[in-house]
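Participant: Got a structure here, written out as C-alpha cells. Questions coming.
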Amino acid sequence: MMGLHIPAEFFRSLLAGMVVNFEIAAIALLIGLAFGGLLALGRLGGGAVGAVATTLIGLMRAAPTFVVMFFLLNIIPRDATLFGVGISPSPLMIVALSLVPYSASYVADNGVESLKQLRAGSPLGALQFLPNVTRAFFVLVMSSSAGAAIGVTEGIAVILREAVLLPALGDKLVLFAIGILFFGAALQAGFALMRLLQRHLGRLAMRNQAIP
Amino acid sequence: MRVWRTVLLALAGVLGSIVATVPLVANAETPDAALAKLTEDARAEAAVPGACAAPQLDRLLRMFCESRLRAGVREYYPLFGTREGETRSGYDVDVARALAKHFGVEPAFTRVNAATRVPLLADDRIDIILATMGHNTQRDGQVRFIRPHYYQSETTVVGPRAIAIKGWPDVAGRTICVTVGNGSNAQIVSHNVRLMLFDEAGVLPERLKDETCTLAAQDDSFFAYYFTQPEFAKNYEQKFGFAQVPWGMAVARTGSDRLARALDLTSQIFHRDGVFLGIARANRVGTGFLERQQAVWNRPECNTDTGSTNPACVLPALDADLQPTPFAGRVTAVEDWIEARTGVDFSLPMFKTMPAWSLFKDGIVNSLILVAGALAATLLFAMVLGGLQSSRRFLLRWPARAGTIVLQSSPVVLTLVIAAAVAQAIFPYSSAVAIGAAIVALGLMNGSNAGQAIAEAMHTLRTERGSVQGTGGIPTTELFGRAVSRSATQIVSFLINAAKGTPIASFIGAPELLSALTDITSFASGRATTYTLLLVFYVAVVVVVVWLCGRFRSWLEHRQAAA
C-alpha cells in the first residue's frame, strides 16, 4: 500500500469513462422519455390501449437491466440490416437500450401523475416531473456501470482494469474508494441540482399563490 | 512317458509360435516400400488408356491422371495459410507443396475457411483439407483423417505480462474472452471462470490491447502470429495451455481409400525424416509436438507400414462428444415440431447434453438462493442500519449515515466487486463465496436505502410524539416497529430492487442462471432462445417477488393501522 502509485493517465481515463456513463444515461433517458410519454398517454386513455400500456409498464418495471442487456447483446445479429442499412447496435448503445425499460416505466409512472396534476389545474404539481426525471438520470448514470460486463469502457471498467494490476487488497480498496469519490461527487452534485430545481419550483408556486 | 509328452507339446507350441510369427515379420515393410508399391500401382493403372475416364475413380488415381493435388488451404490464418496477391505461404501451404512434390504432381490451391472446408471436400472440389482442422470425434463422421496428425495445437490463455497467472487456480473468478463455439469453452467454465463471448477470434488481440479483455483464450496457433510482433510480445505472454488438439489432414470418406493410405504413409515418413519439422521451422511455428513425433516415428514398432494404425504410435482424436440427456431425443422432436409449424429456429441446448443440463439446473437453484438471500439480507441490513441511524448516540448514528452515503455513491458493479475482493481475501474462491459476497453487497446497497427510510420514519414519529419515547440510545422496540410499518412502501420498493439486481451477481462469478446460460451458449447453439428464456425466467421471478412484497406491505400497513 505504501508503494501505491496511480498514474495521472488513470484519472484522465476515469473522467473519460464517466463521460461515457453520462452519455449512456442521456441516451437511455431520451428514448425513455419518448417511449414512456407514449405509454403514459396510452394508460390515461383507458380502454384496450390503456390495458396494454399498463401491462407493458408492469413488465418493463419487472425486467432486470443486466438480463435485458445480455438479451439484447445475444438476440440482435451482428450483421442486422434494415433497408440495407446496418442497425446492429454498438455495445454502448446496447447498455443504453437495456436501461430503457427502467427509464420508460419510470417516465410513464411519473408522466401519468404529472398529467393528472395538469388536468386537475396544477401546472406546478405537474412540473415536479422535472426533478423526478433528474433523479432518474442519476440512477441511470450509476446503473450504466453494468456496461463493464460487456466491454464498454465506462468509468467502472477503467477502475477495474487498474485494479487488476494491483496485487494487494489494500491498494485495490484505495482505488475503489477513489472511484466511489468520483461517482459520489457526480451523484451528490446531481441531487443538489435536483433540490435546487425543486426549490425553484416551490418559489414559483408561492409567487403564483400570492397573485390574486 | 507323460513327462516326455508334455515336453514335446511345449516344443510344438514354441515352434508353432515361431512359424506363426515369421510371416508377420516377413510382411512388415517400411512405410517407404509400402508407399512406393502403392503409388507405382496407381501410376500404372492411371497410364492404362481409358482408365482416367472410368467412373468412381479413386482420388489417388485421379491425382496421377490430372497430375495435380487439389488442396483446400486457408488464406487468412497467419503463419499457417496466408495469401498476398498470387503468393501463398504458411505451414499448411508448404506441407501441401511437399506432399505434391513427393507424389510428383503439382499442387492446386483452393481457398477454404472453417465453415467451407468440409462441404468443399464433400462436393469433390478439393482432394485434401490442409486448413488448421482439429481432429475430434464429431468430425470423424464427416471426413477421413490422415494418421499420423501433421500438427497439434492447444488452447492458450494470453494476458498482460504484469499479471501473475500460472494455472487454473489463478483464473478462478476472472473473466476470459473467448469465441463462441470454441471446443475448450466447456473446460474453461468448469474452473469457475467467467466468459466474455466474441463471434470472431480476430478481434481478441484488439480487445486485449484496448483492455476490454484482461485475458483471452484461443488456439496457440492463432496467437503465434501476434507473438512474432515485437509490440505484442513485449506486453503479453502465454500464461498456460490446455486442451491439446491434434490437427489432421483430411480426405473424403468415400472414393479416397487409396489416397488416404498413401497420405498416411507419407505423413509417417515426413515425421520420421523431419520434413514436417523443417517446414515448421521455416514458417516460425511451434515445433515441440513435431520434435516429439519425430522420435515416435523413428521407433522400430512405429516405422512400419502398419504404424499409422498402431494405437501405441498414433494419437487419439479429441473426444468432443458431450453426453446427451436421457430426454435429448424428445427435446429435438419438440424443436423440430416448433420449427416446422412456425419457421422459427427454436433451440433448447440446456436440455440436450448432460453438462448443459447440469449447469442449467444449478443456475436456477443458485438464482433462487440469491433472490431469497438478497431479500433476507436487505431486510436485515434495513433493520440494523435503520436502527443505528435512528439512534440518539452520535457515535452510532453518524457512522451509519456515512456508510449509507458511501453505499449510495457507489455504482452497483463497484460495490459487488469490493464485496468479492474482500470475501476472496478471507476465503478461497468458490461459487458459494461468490454467491455469499453478492448477497451481502445487494443487501447492503438496498438495505442502506431502506434503513434510511426507516430512520426518516422514526424522525417523523418522534416529532409527532414530542420525543417522549425512546429517549437516549437506541429507540424502543415499539416505536421502531411503527417506523418500519410507516416506511413499508420504501422497504418493499428496495426489496424488489434487490431481487431485480441479483443477475448482476454473475459479474463476480456467482453461478446463477445468467452465468450458467452464458456458459452453455459458449459451447452450444441457440443463443436467441436461451436468452429469451432467461429474460422470461427473471421477469417471472420479479413478478412473484412483487406479489409477495405486496402481501408483506399489506401486513405492515395493517399493523400500523392497528397501532
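Participant: Suppose we filter B:Leu259, B:Leu290 for residues that are closer than 21 Å to B:Lys37 by Cα and surrounded by 20 or more Cβ atoms within 10 Å (Cβ to Cβ); which single one remains?
Facilitator: One residue alone meets the criteria, B:Leu259.
Participant: Considering each residue of the range A:53-72, count those that are surrounded by 22 or more Cβ atoms within 10 Å (Cβ to Cβ), facing chain B (nearest Cβ under 8 Å) and part of a helix (DSSP H, G or I), and give that number.
Facilitator: Residues that pass the stated criteria total 6.
Participant: Give, as residue ranges, the strands (runs of 3 or more DSSP E) completely inside the range B:154-258 that count at least 1 residues that are under 30 Å from A:Ala146 (Cα atoms) and within 12 Å of chain A (Cβ to nearest Cβ).
Facilitator: Filter on the range B:154-258 gives B:175-179, B:194-198, B:215-219.
Participant: Cβ contacts < 7 Å: first residue at the interface with another protein chain (Cβ under 7 Å from one of its Cβ atoms) and among the hydrophobic types (A, V, I, L, M, F, W, C), restricted to the range A:150-175; second residue outside any helix (DSSP H, G or I) and buried (at least 19 other Cβ atoms within 10 Å of the Cβ), any location; separation 6+ or different chain. Result?
Facilitator: Short answer, once both residue conditions are applied: A:Ile156/B:Pro411; A:Val164/B:Thr214.
Participant: Output the residues belonging to the range B:539-563 that are within 14 Å of chain A (Cβ to nearest Cβ) and either touching a Cys at 6+ places or on another chain (Cβ under 6 Å) or touching a residue at least 40 places away in the same chain (Cβ under 8 Å) (or both).
Facilitator: Scanning the range B:539-563 gives B:Val541, B:Val542, B:Val545, B:Val546, B:Cys549, B:Gly550.
Listed here are the residues, each with its yes/no results for (1) within 30 Å of B:Gly278 (Cα to Cα); (2) buried (at least 16 other Cβ atoms within 10 Å of the Cβ); (3) modelled with pLDDT under 95.
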| residue | (1), (2), (3) |
| --- | --- |
| B:Met1 | no, no, yes |
| B:Ala20 | no, no, yes |
| B:Pro49 | no, no, yes |
| B:Met63 | yes, yes, no |
| B:Leu69 | yes, yes, no |
| B:Tyr76 | yes, no, yes |
| B:Arg88 | yes, yes, no |
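Participant: Another one. Working carefully through the options B:Leu396, B:Leu416, find the one that is crowded, with 22+ Cβ neighbours inside 10 Å and aliphatic (A, V, I, L, M).
Facilitator: Only one candidate passes the filter, namely B:Leu416.
Participant: Also: Would you be able to say whether some residue in the range A:81-89 is closer than 23 Å to B:Phe537 by Cβ and not in a helix (DSSP H, G or I)?
Facilitator: No: the range A:81-89 contains no residue that is closer than 23 Å to B:Phe537 by Cβ and not in a helix (DSSP H, G or I).
Participant: Among B:Asp362, B:Asp336, B:Asp305, which is in the same structural domain as B:Val492 (by TED's automatic domain parsing) and either over 24 Å from the mean Cα position of the chain (by Cα) or surrounded by 14 or more Cβ atoms within 10 Å (Cβ to Cβ) (or both)?
Facilitator: Selected residue: B:Asp362, the only one of B:Asp362, B:Asp336, B:Asp305 that is in the same structural domain as B:Val492 (by TED's automatic domain parsing) and either over 24 Å from the mean Cα position of the chain (by Cα) or surrounded by 14 or more Cβ atoms within 10 Å (Cβ to Cβ) (or both).
Participant: Can you tell me which residue among B:Gly403, B:Gly343 is closer than 27 Å to A:Ala185 by Cβ, of a type outside the set (Lys, Arg) and either in contact with an Asp or Glu (Cβ under 7 Å, 6 or more places away or on another chain) or at pLDDT below 95 (or both)?
Facilitator: That would be B:Gly403, the only listed residue that is closer than 27 Å to A:Ala185 by Cβ, of a type outside the set (Lys, Arg) and either in contact with an Asp or Glu (Cβ under 7 Å, 6 or more places away or on another chain) or at pLDDT below 95 (or both).
Participant: Just to be sure before I move on: is A:Ser105 closer than 30 Å to B:Leu197 by Cβ and touching a residue at least 40 places away in the same chain (Cβ under 8 Å) in the structure I sent?
Facilitator: Answer is yes for this residue.
Participant: For a quick check of your reading: which helices (runs of 4 or more DSSP H) sit entirely within the range B:474-539 and have at least 2 residues that are modelled with pLDDT of 90 or more?
Facilitator: Helices (runs of 4 or more DSSP H) meeting the threshold: B:488-501, B:513-523.
Participant: Something else about it: Of the residues that sit in the range B:513-538 and are more than 8 Å from every other protein chain (Cβ to nearest Cβ) and within 18 Å of B:Thr179 (Cβ to Cβ), which one is surrounded by the fewest Cβ atoms within 10 Å (Cβ to Cβ)?
Facilitator: B:Ser525
Participant: Could you tell me which of the residues B:Ala250, B:Ala262 is modelled with pLDDT of 95 or more and more than 26 Å from B:Gln187 (Cβ to Cβ)?
Facilitator: B:Ala262
Participant: Give the residues of the range B:73-98 that are part of a strand (DSSP E or B) and more than 26 Å from the chain's Cα centre (by Cα), sorted by residue number.
Facilitator: Across the range B:73-98, the qualifying residues are B:Thr82, B:Arg83, B:Glu84, B:Thr87, B:Arg88, B:Ser89.
Participant: So, one more: From (1) within 11 Å of chain A (Cβ to nearest Cβ); (2) of a type in the set (A, V, I, L, M); (3) within 30 Å of B:Val193 (Cα to Cα), pick out the condition that doesn't hold for B:Ala434.
Facilitator: (1)
Participant: Just to be sure before I move on: is B:Ala425 buried (at least 20 other Cβ atoms within 10 Å of the Cβ) and in contact with a helix residue (DSSP H, G or I) (Cβ under 7 Å, 6 or more places away or on another chain) in the structure I sent?
Facilitator: The answer is no for B:Ala425.
The values are calculated or read from the model by the stated rules, or taken from the named source; none is laboratory data. In this text the structure is predicted, and so the values were computed from the model without any measurement. When we count neighbours, we look across all protein chains shown, and the Cβ atoms used for this are built from the backbone with ideal geometry, even at glycine.
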